[in-house]
Amino acid sequence: LEELYLNDKYAHEKTIPSVVWTWNDASVLKLIAGLFATDGSIFIKLDRHKTKESWSINYCSTSRAMVEMLKELLRVRFSVHASVIYENKGKRKRPLYNINISRQQDVATLAKAVAAYIPGIKREKFM
């Protein structure tokens with residue numbers, strides 16, 4: 001973190017360093033897995049008839065730059081498409097930016113790619 005100058009930054013100031021574009025896929029996936037393991041979630045929803053499940057993966061940050069860079073990294077390196085949702089609910093000091101991956105093919109691609117790198121109990125949800 002020190003080498004990438006991320007140690008002394010507030011959450012809303014953080015970005016994904018441009019050097020990430022030179023990393024191999026395994027290293028990039030470890031970074032992505034770390035982001036989703038700490039500030040991400042995976043959801044299962046039933047359709048209105050409660051007969052079909054759909055999955056979505058989300059990542060949330062107060063850093064718009066972080067979210068936009070992660071979205072681009074997912075698209076370019078792994079062909080995973082995501083939407084960014086801006087939220088400013090309640091009395092939050094800073095707005096939240098959410099990445100939402102809901103297309104089932106993209107959910108499956110991302111979950112399969114990062115599952116091995118997700119630590120702890122969240123790993124089970126990604127498998």
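The values are calculated or read from the model by the stated rules, or taken from the named source; none is laboratory data. Values in this document were obtained by computation on a predicted structure and should not be read as measured data. Here the Cβ positions follow ideal geometry from the backbone for every residue, glycine too, while neighbour counts run over all protein chains shown. Each accessible area value is taken on the protein alone, full model and side chains, heavy atoms only, with ligands, DNA and RNA left out. Shrake-Rupley method; radii C 1.70, N 1.55, O 1.52, S 1.80 Å.
Restricting segment 3-52 to residues that are at pLDDT 75 or above and in contact with a Lys or Arg (Cβ under 7 Å, 6 or more places away or on another chain), the residue that is farthest from Gln104 (Cα to Cα) is His12. Scan segment 88-105 and tell me whether some residue there is surrounded by fewer than 16 Cβ atoms within 10 Å (Cβ to Cβ) and hydroxyl-bearing (Ser, Thr, Tyr). Checked segment 88-105: no residue is surrounded by fewer than 16 Cβ atoms within 10 Å (Cβ to Cβ) and hydroxyl-bearing (Ser, Thr, Tyr).
I need a count of the residues in segment 106-124 that are closer than 27 Å to Leu46 by Cβ, open to solvent by 50 Å² or more (accessible area, probe 1.4 Å) and either part of a helix (DSSP H, G or I) or touching a residue at least 60 places away in the same chain (Cβ under 8 Å) (or both).
The total comes to 7.
Here Ser41, Ser54 are screened, and the one residue that is under 20 Å from Ser83 (Cα atoms) and without any contact (Cβ under 8 Å) to a residue 24 or more places away in the chain is Ser41.
Of everything in segment 47-61, what is open to solvent by less than 100 Å² (accessible area, probe 1.4 Å) and more than 14 Å from Arg103 (Cβ to Cβ)? Give them in sequence order. Let's see the steps before the verdict.
Filtering segment 47-61 down to residues open to solvent by less than 100 Å² (accessible area, probe 1.4 Å) leaves 47, 54-61.
The answer is Asp47, Tyr59, Cys60, Ser61.
Scanning segment 62-77 for residues that are open to solvent by less than 40 Å² (accessible area, probe 1.4 Å) and hydrophobic (A, V, I, L, M, F, W, C) turns up Met66, Val67, Leu70, Leu73, Leu74. If you go through segment 75-105 and keep only what is β-branched (Val, Ile, Thr) and either over 17 Å from Ala26 (Cβ atoms) or in contact (Cβ under 8 Å) with a residue 40 or more places away in the chain (or both), you end up with Val84, Ile85, Ile99, Ile101.
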